[in-house]
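> I have a structure here, written as structure tokens, and I will follow up with some questions on it.
The values are calculated or read from the model by the stated rules, or taken from the named source; none is laboratory data. None of these values were measured; they are calculated from a predicted model. Cβ placement follows ideal geometry from the backbone for every residue including glycine, while neighbour counts extend to all protein chains displayed.
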């Protein structure tokens, strides 16, 4: 008989916990909804970009970009205020994933920092020009990872996985591999807003679903595009020290000044993982293409194909996080390497018989 | 004459038959939501896979397995293992995915046949001890709760492996922030109804069913007031495609070969998970009803069924702890129970498909949560925490499920348990009183260094020793050689203080029942009696 009240108490406890969680969920939902309705404060880069493309609520939308490049533009259905806010938030997420520039921090970025290990990563590190890199004449650059083309070319079969890859799944891969983190749920505003922004770019640039564009795939530089001397990470290390180390650091750990990422890490814990396509050891065309097309900023195209491959090869030999499917052993080993190697390398440099000494801070 | 015999036997048979049919009906009703939930939310396969497993899997095992309380059918862990193995290979619910799933099941069935054909392999299954199994069960229970969080909140099921606890935490936050509130309401109503009904003794076994009914009723109420287009609640799709049989072929072709090779470890895991559960459940439940069934019969039934099921669009089968417990507690005492439940389920699916199609997915997810919570029972855990070694094995197996995977958990748990038992054997208790060195335990290559260290220390101090091994029960060849060498040094005398009278009595008792106790040992000298040199 004494067991009965105890059981009742247990049930009451569980029911009240569940009820409490439900109330918490209602509160959290309300917070999210308020944030969805709130006006968006744009980052400087986003402000410029969206102003260029004349994004504002209205019945119809005409792209100034088209007017400038083609002389005429098509009238498209316009954006509601809700759409505009989503696009603006998407652009903000893109420019400043972890909310360093936001007043209330990561909350304004739908807590994107939850899905990223480390504190530095943001999308524009690889998708330059806020996902839409153009030269002075307004030409879209090949190999710039443009997000507009990425949207229209989503739902195609992915070259590397062979999967029919929707845009949100592709974004998840970015979170998992490139930012070495976790995937958000595909119903999360985080993915939806970035999709909205990418979709807006596609509309503004007049990109059409069904076409294949050269912009997003990084220009592939296979071994056949070189003089076939073979890739060499020693040569790569040498070029890296001359051309890259001044910004990315002697060990590729990036340059961060007062919490602001001036140049992103290309190795170490804040960098992309072993499973990323940027890892030369995994896909040996993407990283060389990215380097050749985008690096060093301002002097793009100054590195030849072989040099790009060598640098990419060298980067793949530096310690970086393990991919999430590689298991705990690889993860532990990479963690050890990331901890042990930087001081060791610094020590080796300080001995003076190594040319890292010339560039180390 | 035969009709007469039947007629005279009828009054005796009828009540038994009726009782077992009733239990069969309950079993069918309880199995149905589980079957659908396992196949859709865990294995990533269309619902008819679970249903056919609950029909044909149950029927085959009932026919092949002589145990009276055995109940096969779709299984949580096996379904989860299918999902975990195949998610990197193909997108769930797709044609390729289904083909790979069938191949995976067939491979698992063939591997299980190997366990039947190679006797020592089958015997190895008995070496998995209770702490490992309970650790696995608890870990899987927790995993099920996390795994169904997204379904509970009507969120898309994330497509990649969801093992790490950190990601489970992310899912939990997603439920709080972006979950569909209608879905959460349906799930909570199902969950709380289950919980409350379980407290009423008479309805205890109906709790899941009543919970699903309550969830469905609320979902129908929402459909009527708010509208399905606004609530966006996912319901179980129409089962109209489910017929009597649904033939299918596993995927075997040139292009698929590399993927098939990559899922081989998964097939081994699947086979082992099925057999572990079958052997362990048979052991436990047969002890409960005071019977015994050779575990090889269970392996045979499982292996053959799992080789047939992939040709019938079905999930693999193995023993189900929770349903066997149900059969036992309702008083089912014949294989008729399982067989009738399979047939009743077939009829239900054929004629009640429209009703089943209304069940909302959040209610299914809530059922999975209840099943998961049931798997974590303090009564099972408590005994393991009393002994430090068992506790370590239990925790290792439990944590490995959460941090590695099911197979990793089995390996870690088995290695630990094996290491402990070996460690135990390698440390016989050695006591020195006067010049008598008494060894209790084994004298074999592993324990010799321990014995030697004490032995040589004692020889130095005492000079001559009497080595008493009357309580040794195993001496291997190396031990015999060592003893012989010690004997030739003439510093030691051997004693076996088992009284000769006792030994004779022991011998007499042995010859009395040679048929049963030492049938295989006849003709071989017994080591226990050779211990005098």
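> For residues in the stretch B:62-85 being outside any loop (DSSP other than H, G, I, E, B), in contact with a helix residue (DSSP H, G or I) (Cβ under 6 Å, 6 or more places away or on another chain) and over 25 Å from residue B:135 (Cβ atoms), which is farthest from the other protein chains (Cβ to nearest Cβ)?
The extreme case among them is B:64.
> If we scan the stretch B:391-408, do we find a residue that is more than 14 Å from every other protein chain (Cβ to nearest Cβ), closer than 12 Å to residue B:132 by Cβ and without any contact (Cβ under 8 Å) to a residue 40 or more places away in the chain?
Scanning the stretch B:391-408 turns up at least one residue that is more than 14 Å from every other protein chain (Cβ to nearest Cβ), closer than 12 Å to residue B:132 by Cβ and without any contact (Cβ under 8 Å) to a residue 40 or more places away in the chain.
> Given the condition assigned by TED's automatic domain parsing to the domain that holds residue B:290 and either at pLDDT below 85 or not in a helix (DSSP H, G or I) (or both), answer yes or no: does some residue in the stretch B:53-61 qualify?
Among the residues of the stretch B:53-61, not one is assigned by TED's automatic domain parsing to the domain that holds residue B:290 and either at pLDDT below 85 or not in a helix (DSSP H, G or I) (or both), which makes the answer no.
> Which of the following residues is surrounded by fewer than 21 Cβ atoms within 10 Å (Cβ to Cβ), over 21 Å from residue A:19 (Cβ atoms) and either at pLDDT 80 or above or within 11 Å of another protein chain (Cβ to nearest Cβ) (or both): B:110, B:106, B:102, B:165?
B:110
> Scanning the stretch B:318-338 for residues that are buried (at least 17 other Cβ atoms within 10 Å of the Cβ) and assigned to a loop (DSSP other than H, G, I, E, B), which turns out modelled with the lowest pLDDT?
Filtering first and then ranking leaves B:332.
> Under 30 Å from residue A:102 (Cα atoms) and outside the structural domain of residue A:129 (by TED's automatic domain parsing), is that true of residue A:316?
no
> Let me ask something else about it. With a cut-off of at least 2 residues that are closer than 30 Å to residue A:327 by Cα, name the helices (runs of 4 or more DSSP H) lying wholly within the stretch B:339-410.
B:361-375, B:378-386, B:388-403
> Okay, moving on. Does the stretch A:102-113 include one or more residues that are within 12 Å of the chain's Cα centre (by Cα), under 24 Å from residue A:256 (Cα atoms) and within 14 Å of chain B (Cβ to nearest Cβ)?
yes
> Continuing with the same structure: Which of the residues that make up the stretch B:86-99 are assigned to a loop (DSSP other than H, G, I, E, B) and buried (at least 21 other Cβ atoms within 10 Å of the Cβ)?
Correct list: B:90 only.
> Kindly check whether there is at least one residue in the stretch A:282-291 that is within 23 Å of residue A:117 (Cα to Cα), within 14 Å of chain B (Cβ to nearest Cβ) and under 17 Å from the mean Cα position of the chain (by Cα).
Taking every residue of the stretch A:282-291 in turn, none turns out to be within 23 Å of residue A:117 (Cα to Cα), within 14 Å of chain B (Cβ to nearest Cβ) and under 17 Å from the mean Cα position of the chain (by Cα).
> What residue, of A:91, A:123, is out of contact with any strand residue (DSSP E or B) (no Cβ under 7 Å at 6 or more places or on another chain), more than 30 Å from residue A:331 (Cα to Cα) and either buried (at least 21 other Cβ atoms within 10 Å of the Cβ) or assigned by TED's automatic domain parsing to the domain that holds residue A:257 (or both)?
A:91
> Please state which one of A:241, A:199, A:192, A:170 is modelled with pLDDT of 90 or more and within 14 Å of chain B (Cβ to nearest Cβ).
Result: A:192 is the single residue among A:241, A:199, A:192, A:170 that is modelled with pLDDT of 90 or more and within 14 Å of chain B (Cβ to nearest Cβ).
> Still on this structure, I have one more. Being within 8 Å of chain B (Cβ to nearest Cβ) and touching a residue at least 40 places away in the same chain (Cβ under 8 Å) is the filter here, so list the residues in the stretch A:2-38 that pass it.
Correct list: A:32 only.
> Starting from residues that are part of a loop (DSSP other than H, G, I, E, B) and more than 18 Å from the chain's Cα centre (by Cα), keep the ones in the stretch A:292-309 and report whichever is surrounded by the fewest Cβ atoms within 10 Å (Cβ to Cβ).
A:298
> Can you find a residue in the stretch B:291-314 that is assigned to a loop (DSSP other than H, G, I, E, B), closer than 26 Å to residue B:359 by Cα and either assigned by TED's automatic domain parsing to the domain that holds residue B:217 or out of contact with any strand residue (DSSP E or B) (no Cβ under 8 Å at 6 or more places or on another chain) (or both)?
Yes: one or more hits.
> For the stretch B:422-434, how many residues meet the condition of being in contact with a strand residue (DSSP E or B) (Cβ under 7 Å, 6 or more places away or on another chain), surrounded by fewer than 16 Cβ atoms within 10 Å (Cβ to Cβ) and not in a helix (DSSP H, G or I)?
Summing the residues that are in contact with a strand residue (DSSP E or B) (Cβ under 7 Å, 6 or more places away or on another chain), surrounded by fewer than 16 Cβ atoms within 10 Å (Cβ to Cβ) and not in a helix (DSSP H, G or I) in the stretch B:422-434 gives 2.
> Which ones in the stretch B:136-162 are within 13 Å of another protein chain (Cβ to nearest Cβ) and either assigned to a helix (DSSP H, G or I) or at pLDDT 80 or above (or both)?
Scanning the stretch B:136-162 gives B:145, B:149, B:150, B:151, B:152, B:153, B:154, B:155.
> Of A:312, A:322, A:265, which residue is at pLDDT 85 or above, within 14 Å of chain B (Cβ to nearest Cβ) and either touching a helix residue (DSSP H, G or I) at 6+ places or on another chain (Cβ under 9 Å) or surrounded by fewer than 20 Cβ atoms within 10 Å (Cβ to Cβ) (or both)?
A:322
> Name every residue in the stretch A:111-134 that is part of a helix (DSSP H, G or I) and on the phi < 0 side of the Ramachandran plot, in order of residue number.
A:112, A:113, A:114, A:115, A:123, A:124, A:125, A:128
> For the stretch B:186-217, name all the residues that are under 16 Å from residue A:18 (Cα atoms) and either crowded, with 20+ Cβ neighbours inside 10 Å or not assigned by TED's automatic domain parsing to the domain that holds residue B:355 (or both).
If the condition is that a residue be under 16 Å from residue A:18 (Cα atoms) and either crowded, with 20+ Cβ neighbours inside 10 Å or not assigned by TED's automatic domain parsing to the domain that holds residue B:355 (or both), then B:186, B:187, B:188, B:189, B:190, B:191, B:193, B:194, B:211, B:215 are the ones that fit.
> Something else: Pick from B:192, B:184: which is within 28 Å of residue A:35 (Cβ to Cβ), within 12 Å of chain A (Cβ to nearest Cβ) and within 33 Å of the chain's Cα centre (by Cα)?
Residue meeting the stated conditions: B:184.
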